[in-house]
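Chemist: Have a look at this one.
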Amino acid sequence: MDAAAKRVIALRQLLSHAREQLGLDIGFMLWDGSTVPADLTPGAFSVVLADEGVVAALIRRPNLETLGNLWVSKRIELRNGTLFDLASVRPRVRSKQFLKAINKRQWFSTLAKFLLVPRGGPWPLETQPGERPSDGSAAENKKNIAYHYDVSNAFYELWLDQEMVYTCAYCTDWGNDIDRMQQDKLEMICRRLRLKPGERLLDMGCGWGALSIYAAQHYGVTAYAVTLAEQQVEYGQAKVKRLGLQDKVCIELKDYATVEGTFDKVAAIGMQEHVGIANYPKYYGTVQRVLKQNGLFLHHAITRPAKRDDRSFRRKRPEAALITKYIFPGGELDHIGNTVTMLERNGFEVHDVENWREHYQRTCRHWHDRLLANYDASVKEVGEVKTRMWLAYLAGVSIAFERNTFGLFQTLASKKRRGPSGLPPTRADLYR
């Protein structure tokens, strides 16, 4: 028996031992076609390892970046289930109990057999630059936005709603589909901003223009929308022309900080995440500069929970750093306490703060499932690496929102002033 065959046998025995001790209801399929357990049924949920280099790579660098590379290159695959199913697998014993029960000699003996095995390939994510916050310049902002949003309009059409809204949707009922959820979200934004016919709306980080178009059609505003994604501008401008809204909606390729003029209402829906914490003064200062004295500002952003101090907060968890590096370069998340603080420091009065965490959990789950259902079309459009990267990101974010690792808040503010704010005495009008 050669060394390769001995490695397979040793790994099978180790996986069987670990599976038994942990009480895991999950199977494994190895590169030679053998399985753990040996009688694994064809329909069982299982992890598939494509080659022995997978094991060697995980031994040398047992971290999320290694797993990410192995996942997007399809060297680790799931059969009869998704990443949500994997996340739901729970050992029947605690980690301390498991560490006491495992055969440590067998563990180290097996892993030692793979130490000199080449890690194999490919490693498609290793060319990505290191993770770091944005410097706030227009050039870097454009580069970072293009990385994520200029992937392909056709790709995003495969799994977004019919209006191409790529921010947290709103559930008036937990069972609603993504189209209804996004329509309700657009409506809620317009109500929260108390839009009125003839008002000027600034849509900062407008995406494909859905909010501006909806507000013009249903609330009679004139909207000016800006984004740094060229494909979004192309798509949005074509849609505006198709709908005959050229006199009501203008979508331009422009950095938000260079916008001129004044506006009755300003919406920043899912844009602050790209700004970077060090650049918040520019972000809030821009809104303060362009918002009319009696105007309203709706700030909608993903957050992380606050920590005991700012230094601790700035240290990202490995999974958060991974998303920033491979999905949203230059991005950083705030905590809601600092959001309110920054608004007040920059001359705003905060009126409403609403938590949409559970709404975003469902939004991302819808997106993941729609992308998975269109897997082949996505691979044809953007390739397997990008498709699998986005599936992992959408699943991971949905799980993080479900576990309360991330939050999502809509915060309504106005310029601070003496006297009445002009808002109604209750918020009943939002939920009519």
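The values are calculated or read from the model by the stated rules, or taken from the named source; none is laboratory data. Keep in mind the model is a prediction, meaning the values are calculated, not measured. No Cβ is skipped: glycine too gets one built from the backbone with ideal geometry, and neighbour counts run over all protein chains shown. Protein only, heavy atoms only, side chains kept; ligands, DNA and RNA dropped before computing areas. Shrake-Rupley method; radii C 1.70, N 1.55, O 1.52, S 1.80 Å.
Chemist: Could you work out the pair-distance distribution P(r) of the stretch 271-360 from its alpha-carbon pairs, with 5 angstrom bin width and percents rounded to whole numbers?
Modeler: 3, 11, 22, 24, 20, 11, 6, 2, 0
Chemist: Between the helical axis of 336-345 and the dominant principal axis of the chain, each derived from Cα atoms, what acute angle in degrees is found, rounded to the nearest 10?
Modeler: Helix 336-345 sits at roughly 30 degrees to that axis.
Chemist: Taking the inverse of the average 1/r across all pairs of different Cα atoms in the stretch 183-275, what Kirkwood radius in Å do you get?
Modeler: Details: mean 1/r = 0.0772 Å⁻¹.
Answer for the stretch 183-275: a Kirkwood hydrodynamic radius of 12.9 Å.
Chemist: Another one. Which chymotrypsin sites (Phe, Trp or Tyr not before Pro) from the stretch 116-183 combine a DSSP loop assignment with at most 16 other Cβ atoms within 10 Å? Write down the numbers at each step before the final one.
Modeler: Numbers: sites: 147, 149, 155, 156, 159, 166, 170, 174; in loops: 159, 166, 170, 174.
Here the sparse-neighbourhood loop sites are 174.
Chemist: Also: Å³ per residue of the Cα convex hull, for the stretch 1-108?
Modeler: Dividing the Cα hull volume of the stretch 1-108 by its residue count gives 117 Å³.
Chemist: Hey, got the Cα dimensions of the stretch 286-432 along the principal axes, in Å, largest first?
Modeler: Taking max minus min along each principal axis of the Cα atoms, the stretch 286-432 gives 58, 42, 29 Å.
Chemist: Here's a follow-up. Once both axes come from the Cα atoms, what is the angle between helix 3-22 and the longest principal axis of the chain, in degrees from 0 to 90, rounded to 10?
Modeler: On a 0 to 90 degree scale, this one is about 60.
Chemist: Right, another one. Report the label-to-label distance for residue 260 and residue 418 in nanometres (one decimal), using points 7 Å from each Cα along the Cα→Cβ vector.
Modeler: Each label point lies 7 Å from its Cα, and together they span 3.4 nm.
Chemist: Using each residue's phi in the stretch 378-393, evaluate 6.51 cos²θ - 1.76 cosθ + 1.60 at θ = phi - 60° and report the 3J(HN,Hα) Karplus result to the nearest Hz, with x for Gly and Pro.
Modeler: 5, 4, 5, 7, 10, x, 6, 4, 5, 4, 6, 5, 5, 4, 5, 5
Chemist: Once neighbouring chains are kept in place and the probe is 1.4 Å, which whole percent of the accessible area of the chain is contributed by carbon and sulfur?
Modeler: Carbon plus sulfur share of accessible area: 52 percent.
Chemist: Let me ask another. Using just the alpha carbons, could you tell me how many Å³ per residue the convex hull of the stretch 1-42 encloses?
Modeler: On the way: hull volume 2.7 nm³, N = 42.
Dividing the Cα hull volume of the stretch 1-42 by its residues yields 65 Å³.
Chemist: Note down the relative contact order for the chain as a percent, whole number, built from C-alpha pairs under 8 angstrom at least six residues apart.
Modeler: Values: 698 pairs, mean separation 70.4, N = 432.
It comes to 16 percent, rounded to a whole number.
Chemist: Write down the percent of antiparallel bridges among all DSSP beta bridges whose residues are both part of the chain, to the nearest 5.
Modeler: Values: 21 of 46 bridges.
Close to 45 percent.
Chemist: Taking a probe of 1.4 Å, how large is the accessible area per residue of the chain, in Å²?
Modeler: Value returned for the chain: 46 Å² of accessible area per residue.
Chemist: Please say if the stretch 360-400 is rounded, prolate or oblate, where rounded means a/c under 1.5 for a ≥ b ≥ c the square roots of the C-alpha gyration tensor eigenvalues, and otherwise the choice is prolate for a/b larger than b/c and oblate otherwise?
Modeler: Note, shape of the stretch 360-400 comes out oblate.
Chemist: If you add up the charges near residue 115, with Lys and Arg at +1 and Asp and Glu at -1, over every other residue whose beta carbon is less than 12 angstrom from its beta carbon, what do you get?
Modeler: Summing Lys and Arg as +1 and Asp and Glu as -1 gives +3.
Chemist: Which percent of Cα-Cα pairs in the stretch 52-102 sits in each 5 Å bin, short to long?
Modeler: Reading upward from the zero bin: 4, 16, 19, 18, 24, 16, 3.
Chemist: Okay, next question. What is the gain in length, in nm to one decimal, between residue 180 and residue 351 on full extension, counting 0.36 nm per residue of separation less the C-alpha to C-alpha distance?
Modeler: Taking residue 180 through residue 351 to full extension adds about 58.9 nm, to one decimal.
Chemist: Quick one: if the Förster radius is 51 Å, what FRET efficiency do residue 41 and residue 139 give, using the C-beta to C-beta distance and rounding to 0.05?
Modeler: My answer for the efficiency is 0.40.
Chemist: Next question, about the same structure. In whole Å, what are the extents of the stretch 55-151 along the principal axes defined by its C-alpha atoms, from largest to smallest?
Modeler: 56, 33, 29
Chemist: Compute the whole-percent fraction of alpha carbon pairs in the stretch 85-202 spaced more than 17 Å apart.
Modeler: Here the long-distance tail beyond 17 Å is 80 percent of all Cα pairs in the stretch 85-202.
Chemist: Right, next: Straight-line reach only, C-alpha to C-alpha below 20 angstrom: list the lysines that residue 185 could link to, leaving out same-chain residues fewer than 8 apart.
Modeler: 196, 239, 265
Chemist: I want the local charge near residue 361. Using Cβ-Cβ distances under 12 Å, sum +1 for each Lys or Arg and -1 for each Asp or Glu among the other residues.
Modeler: On the way: positive: 357, 362, 365, 403; negative: 358, 402.
Local net charge: +2.
Chemist: Let me check the size of the stretch 369-432 from its C-alpha atoms; what are the radius of gyration and Dmax in Å?
Modeler: Spelled out, the Cα radius of gyration and Dmax of the stretch 369-432 are 20.7, 59 Å.
Chemist: Another question about this same structure. How large is the Kirkwood hydrodynamic radius of the stretch 133-231, in angstrom, based on all distinct alpha carbon pairs?
Modeler: 14.7 Å
Chemist: Taking the Cα of residue 252, stepping 7 Å toward and past its beta carbon, and measuring to each backbone N in the stretch 213-240: which are under 20 Å?
Modeler: Residues 213-216, 221-240 qualify, since their backbone N sits under 20 Å from the label point.
Chemist: What would the Debye formula give as log10 I(q)/I(0) at q = 0.10 Å⁻¹ for the alpha-carbon point model of the chain, no solvent?
Modeler: -0.76
Chemist: Compute, for residue 230, the solvent-accessible surface of its heavy atoms (probe 1.4 Å) with the complete set of protein chains present, and express it in square angstrom to the nearest 10.
Modeler: The accessible area of residue 230 comes to roughly 100 Å².
Chemist: A further question on this structure: Sorting 127, 341 by accessible area (1.4 Å probe), largest first, what list results?
Modeler: So, going from the largest accessible area down, we get 127, 341.
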